[in-house]
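Engineer: Have a look at the structure that comes next, please.
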Amino acid sequence: MADTITIRTDAETERALEVLTSDGVSRSAAIRAAVLAAAERRERLADMQLAVLAMPLGEPDGVNLAEEIARERSGDL
């Protein structure tokens, strides 16, 4: 048996529930679907972030930007 969850709504939440239940779906089903959709989006975002971190950076171009900036600031062009 599933656990019962109680939420405290405000005007914005009630408006969102009206939108989600406008096709006749129950409030409970609409909330359940919204929670599942939010979890899926969060997992997808985490997967995308990991994919970006795993992307190869390519070969360095031989330019050390820090050295270039230091040289410009010291006047040793």
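The values are calculated or read from the model by the stated rules, or taken from the named source; none is laboratory data. In this text, all values refer to a predicted model and were calculated from it rather than measured experimentally. Note that each Cβ is placed from the backbone with ideal geometry, even for glycine, and that neighbours are counted across all protein chains shown.
Engineer: Out of the stretch 16-68, which residues are under 30 Å from Ala2 (Cβ atoms) and acidic (Asp, Glu)?
Structural biologist: Glu18, Asp23, Glu40, Glu43, Asp47
Engineer: Return a yes/no flag: does the stretch 53-71 have any residue that is under 23 Å from the mean Cα position of the chain (by Cα), surrounded by 10 or more Cβ atoms within 10 Å (Cβ to Cβ), among the small types (Gly, Ala, Ser) and not in a loop (DSSP other than H, G, I, E, B).
Structural biologist: no
Engineer: Further question: Could you tell me whether any residue of the stretch 1-11 is at pLDDT 90 or above, among the basic types (Lys, Arg) and either in a helix (DSSP H, G or I) or surrounded by 10 or more Cβ atoms within 10 Å (Cβ to Cβ) (or both)?
Structural biologist: No.
Engineer: Count, please, the residues in the stretch 1-19 that happen to be under 17 Å from Val35 (Cβ atoms) and among the small types (Gly, Ala, Ser).
Structural biologist: 2
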